[in-house]
1. Run through the range 106-191 and list the trypsin sites (Lys or Arg not before Pro) located in a DSSP loop whose Cβ has at most 15 other Cβ atoms within 10 Å.
2. At 1.4 Å probe size, put S100, S168 in order of accessible surface, largest to smallest.
3. Could you work out the pair-distance distribution P(r) of the chain from its alpha-carbon pairs, with 5 angstrom bin width and percents rounded to whole numbers?
4. Could you tell me which residue out of Y82, F60, P39 lies farthest along the dipole of the chain toward its positive end? Charges go on the beta carbon: Lys and Arg +1, Asp and Glu -1, centred on the Cα centre.
5. Would you work out the charge dipole size for the chain about its Cα centre, treating the Cβ of every Lys and Arg as +1 and the Cβ of every Asp and Glu as -1, and quote it to the nearest 20 debye?
6. Given the protein chains as shown and a 1.4 Å probe, how many square angstrom of C75 are accessible, to the nearest 10?
7. Work through the residues other than E161 whose Cβ is under 13 Å from its Cβ and net out their charges, Lys, Arg +1 and Asp, Glu -1.
8. Please give the calculated 222 nm ellipticity per residue for the chain, where each DSSP H segment of at least 4 residues contributes -39500 (n - 2.57) and the sum is spread over every residue; nearest 500 deg cm²/dmol?
Amino acid sequence: LGCVMNVVFAESSQSTVNVLVENGCEVVTPRAQKCCGAPHAGEGDFKSLRELARRNVDLFLTWDLDYIVADCAACSAETKKYGELLHDEPEYAERARIFSAKVRDISEFLTMIPLKQPRGEINKRVTYHDACHLCHLQGVTDEPRKMIESVPGVELVEMEEADWCCGSAGVYNLTHPDRAEKILERKMANAN
């Protein structure tokens, strides 16, 4: 669970679980999980980041999991780096590498498994904004588009500057609201 996804976008996180279950996945959500550490990394607090990574590795590897799926691009980006982050800690190096190898963003994971065909159509023209943590840090760009295009009736129209920042950049929109608003305005103009 992403900290923000879990609280601010709880409905989206629940929808993620519903889609996984509907498509035959067994979903386990360990209650004791901690923040992935992305906000800490962004602020240069690598001591806390390492502690959070160790705790998550310890917790998640107690389960026999095939994959660790995140519906927050910042979370999947950060947890994919645990193996690199803890590579110099003998007790954690191999376990963190195993953990990171299991991490998938939801869009990646859903393109890996057979999905039930939708029962209806959504006749809409839509566009897609590449989340920075997804496209720039993870190189995941095709999978979200494939998911959108798999919905019957949906026409995907590429947005100009789709991979440009929207202004959020973690907490940039909170720390620099005026600048973030200008970046967002440009993004929204491209979405129209």
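1. K116, R119
2. In descending accessible area the options line up as S168, S100.
3. Going from the shortest bin to the longest, the percentages are 1, 7, 13, 18, 20, 16, 12, 8, 4, 1, 0.
4. Positive-end residue among those listed: F60.
5. 260 debye
6. That residue has around 20 Å² of solvent-accessible surface.
7. For residues surrounding E161, the net value is -3.
8. So the helix-based figure for the chain works out to -13000 deg cm²/dmol.
The values are calculated or read from the model by the stated rules, or taken from the named source; none is laboratory data. These numbers come from a predicted model, not from an experiment. For neighbour counting, all protein chains shown are included, and Cβ atoms are generated from backbone atoms with ideal geometry for every residue, glycine included. The accessibility values were calculated without ligands, DNA or RNA, using every heavy atom of the protein model including side chains. Shrake-Rupley method; radii C 1.70, N 1.55, O 1.52, S 1.80 Å.
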